[in-house]
Amino acid sequence: MSAILHGLTVGELVGLLSKGDISAKEAVKDLIDRISSVDLKLHAYLSVDAERALAEAEREAIFKRAQKA
């Protein structure tokens, strides 16, 4: 999906995730990219653990694949 996910509501994002239109990893990557692009100006986050967020998204993908098997 090439849409900009950070512009969606939580409900819209959940809908896409539950239908399988996007993966959790895609959503996390988009949001990390958005944070990276605006936080130098906004200073809204004390810290961002992008590596951990991506790892959690990958674990979610593994769990979903295991459920389908």
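In a Gaussian network model over the chain where Cα atoms closer than 10 Å are linked, find which of Ser36, Ser18, Ser47 has the largest mean-square fluctuation. Of Ser36, Ser18, Ser47, the Gaussian network model singles out Ser47 as fluctuating most.
Excluding residues fewer than 8 places away in the same chain, name every one of the lysines whose C-alpha is closer than 19 Å to that of Lys68. Counting by Cα, and skipping residues close in sequence, Lys68 has these lysines nearby: Lys19, Lys25. Our helix-only sum for the chain, with -39,500 (n - 2.57) per DSSP H run of n ≥ 4 divided by its residues, gives a mean residue ellipticity at 222 nm of -23000 deg cm²/dmol.
If you work out mean projected area of the Cα convex hull in nm² from the coordinates, which of [x] 5.1; [y] 4.8; [z] 7.1 do you get? Checked against the structure: label [x]. Summing +1 for each Lys or Arg and -1 for each Asp or Glu among the other residues whose beta-carbon sits under 12 angstrom from that of Glu58 gives +2.
Taken together, the values in this text are just the output of simple stated rules run on the coordinates, not laboratory data. Note that the structure is predicted; figures quoted are calculated from it, not measured. With ideal geometry, Cβ positions are generated from the backbone for all residues, glycine too; neighbour counts draw on all protein chains shown.
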